């Protein structure tokens with residue numbers, strides 16, 4: 001067995017300027033990461049602190065007056081659990097809608113034999129820069145009698161053009177010889193799509209699914225405008241209402257004392273952490289596909 005020996009010629013010696021540049025870039029990257037993570041860190045430590053210290057601005061980098069009462073109060077809110085269940089439903093079923101529509105459309109547009117492929121792709125890409133706008137879209141939901149329905153949230157936003165292009169580019173890189181061999185064996189388009197393309201596209205599918213999942217989980221604007229029944233509201237809309245009510249009621253801060261273990265603002269912080277946790281748990285399982293999915297879906301093979 002031959003062992004490869006690394007010689008001095010294989011080692012690149014960096015100049016002083018290059019070393020300084022690398023150190024500065026690494027320091028800037030770490031600083032930007034800390035700035036981006038601090039708001040979430042602050043919400044976390046504030047949710048574990050007594051509200052008196054939070055209201056006075058003393059909680060900045062560590063927990064002061066540790067207490068879990070804010071989380072206990074959050075768990076006692078029945079409306080929160082209903083909203084949480086709605087969010088889980090909209091995310092899981094909504095992502096299923098997204099992936100079915102996006103993957104099938106991307107597969108069709110990736111085939112050169114599709115009649116009118118060039119014009120269909122142009123129409124799809126056109127929507128990335130031009131759209132009807134909020135009011136016309138709302139009127140379309142109204143005219144189709146979709147207001148205050150779960151179906152409007154699930155199917156009304158079933159496809160994102162950027163995600164469609166990622167999948168389309170990825171499908172175009174699958175060797176055509178695999179498809180030709182499947183055709184020779186008697187497989188149809190549906191069989192080839194489900195048995196050949198989807199198994200080979202796990203990185204791209206995981207990446208697009210993550211994009212859709214985060215968007216579904218954090219979405220509140222259209223749910224707030226299309227839904228009127230509180231029993232159908234997702235968690236983000238309920239959180240938004242709690243924050244607005246807290247801001248509009250300025251007398252709440254006056255009843256907070258040193259002995260208070262929770263307040264509306266610390267409960268809101270606790271609810272934000274509860275809302276973020278599922279995405280934080282899901283991301284590490286998808287992250288291994290994330291880089292390859294973006295890279296392979298963005299380059300022509």
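The values are calculated or read from the model by the stated rules, or taken from the named source; none is laboratory data. This structure is a prediction, so every number in the text was calculated from the model and none was measured. Using ideal geometry, Cβ is built from the backbone for each residue, glycine included, and neighbour counts are taken over all protein chains shown.
So residue 178 fits all but one of (1) free of Cβ contacts under 8 Å to residues at least 24 places away in the same chain; (2) out of contact with any helix residue (DSSP H, G or I) (no Cβ under 7 Å at 6 or more places or on another chain); what number is the exception?
Among (1) free of Cβ contacts under 8 Å to residues at least 24 places away in the same chain; (2) out of contact with any helix residue (DSSP H, G or I) (no Cβ under 7 Å at 6 or more places or on another chain), residue 178 violates only (2).
Only residues in the stretch 154-165 that are at negative phi and in contact (Cβ under 8 Å) with a residue 60 or more places away in the chain count as the first member; pair them with residues that are in a loop (DSSP other than H, G, I, E, B) and surrounded by fewer than 18 Cβ atoms within 10 Å (Cβ to Cβ), Cβ under 7 angstrom, at least 6 apart or cross-chain, and list the lot.
156/146
Over 29 Å from the mean Cα position of the chain (by Cα), modelled with pLDDT of 90 or more, over 30 Å from residue 191 (Cα atoms) and in a helix (DSSP H, G or I): does that describe residue 24?
Yes: the conditions hold for residue 24.
Where residues in the stretch 81-99 are closer than 30 Å to residue 35 by Cα and surrounded by fewer than 20 Cβ atoms within 10 Å (Cβ to Cβ), which of them is modelled with the highest pLDDT?
88
Scan the stretch 276-301 for residues that are closer than 30 Å to residue 79 by Cβ and at pLDDT below 60 and jot them down.
Within the stretch 276-301, no residue meets the criteria.
I'm trying to understand the selection: among the residues of the stretch 83-138, which are closer than 25 Å to residue 201 by Cβ and in a loop (DSSP other than H, G, I, E, B)?
Selection gives 110, 111, 112, 113, 114, 115, 116, 127, 128.
Report the residue count in the stretch 44-75 for those that are surrounded by 21 or more Cβ atoms within 10 Å (Cβ to Cβ) and either in a helix (DSSP H, G or I) or touching a strand residue (DSSP E or B) at 6+ places or on another chain (Cβ under 7 Å) (or both).
6
What do you reckon, is residue 152 assigned to a helix (DSSP H, G or I), closer than 21 Å to residue 238 by Cβ and out of contact with any strand residue (DSSP E or B) (no Cβ under 7 Å at 6 or more places or on another chain)?
So residue 152 passes the test.
Among 265, 273, which is within 21 Å of residue 214 (Cβ to Cβ), modelled with pLDDT of 80 or more and not in a loop (DSSP other than H, G, I, E, B)?
273
Might you let me know whether the stretch 125-136 holds any residue that is modelled with pLDDT of 85 or more and touching a helix residue (DSSP H, G or I) at 6+ places or on another chain (Cβ under 6 Å)?
No, every residue in the stretch 125-136 fails to be modelled with pLDDT of 85 or more and touching a helix residue (DSSP H, G or I) at 6+ places or on another chain (Cβ under 6 Å).
Which one of these does residue 60 not meet: (1) touching a residue at least 12 places away in the same chain (Cβ under 8 Å); (2) under 18 Å from the mean Cα position of the chain (by Cα); (3) closer than 30 Å to residue 42 by Cβ?
Condition not satisfied by residue 60: (2).
For residue 41, are the conditions met, namely being within 30 Å of residue 261 (Cβ to Cβ), surrounded by 10 or more Cβ atoms within 10 Å (Cβ to Cβ) and at pLDDT 90 or above?
Against the criterion (within 30 Å of residue 261 (Cβ to Cβ), surrounded by 10 or more Cβ atoms within 10 Å (Cβ to Cβ) and at pLDDT 90 or above), residue 41 qualifies.
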